[in-house]
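K.L.:
Structure provided below as structure tokens; questions to follow.
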């Protein structure tokens with residue numbers, strides 16, 4: 001399991017906009033409900049907010065965390081979703097943008 005306080009380094013990949021979520025990443029999500037929400041809310045800013053709740057520790061260190069492959073899939077979905085948003089809907093202060101600039105390294109505390 002990946003602890004929230006550790007950094008996850010993803011390989012350098014090109015982030016291209018997508019009309020629908022990549023199937024290979026959807027399959028890595030541990031819950032069917034997550035898959036449904038990702039498909040329903042794809043290319044909407046609300047999806048980034050929803051997915052960020054799974055990578056932020058909002059329970060005062062009481063979460064076990066996800067396996068690294070799941071955390072990586074969620075992170076990639078955030079980045080691809082943000083790239084897929086219409087320009088006027090792209091968030092300015094999205095944490096995904098922050099770690100994309102830092103060579104795919106999650107900010108401390110994730």
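The values are calculated or read from the model by the stated rules, or taken from the named source; none is laboratory data. All values derive from a computational prediction rather than experimental measurement. Note: ideal-geometry Cβ built from the backbone for every residue, glycine included; neighbour counts use all protein chains shown.
K.L.:
For residues that are surrounded by fewer than 12 Cβ atoms within 10 Å (Cβ to Cβ) and closer than 12 Å to residue 76 by Cβ, scanning just the stretch 13-50, find the one that is modelled with the lowest pLDDT.
P.N.:
This residue is 13.
K.L.:
Would you check which residues across the stretch 51-74 are under 29 Å from residue 87 (Cα atoms) and modelled with pLDDT of 85 or more and list them?
P.N.:
Once the filter is applied, which keeps residues that are under 29 Å from residue 87 (Cα atoms) and modelled with pLDDT of 85 or more, the stretch 51-74 yields 51, 52, 53, 54, 70, 71, 72, 73, 74.
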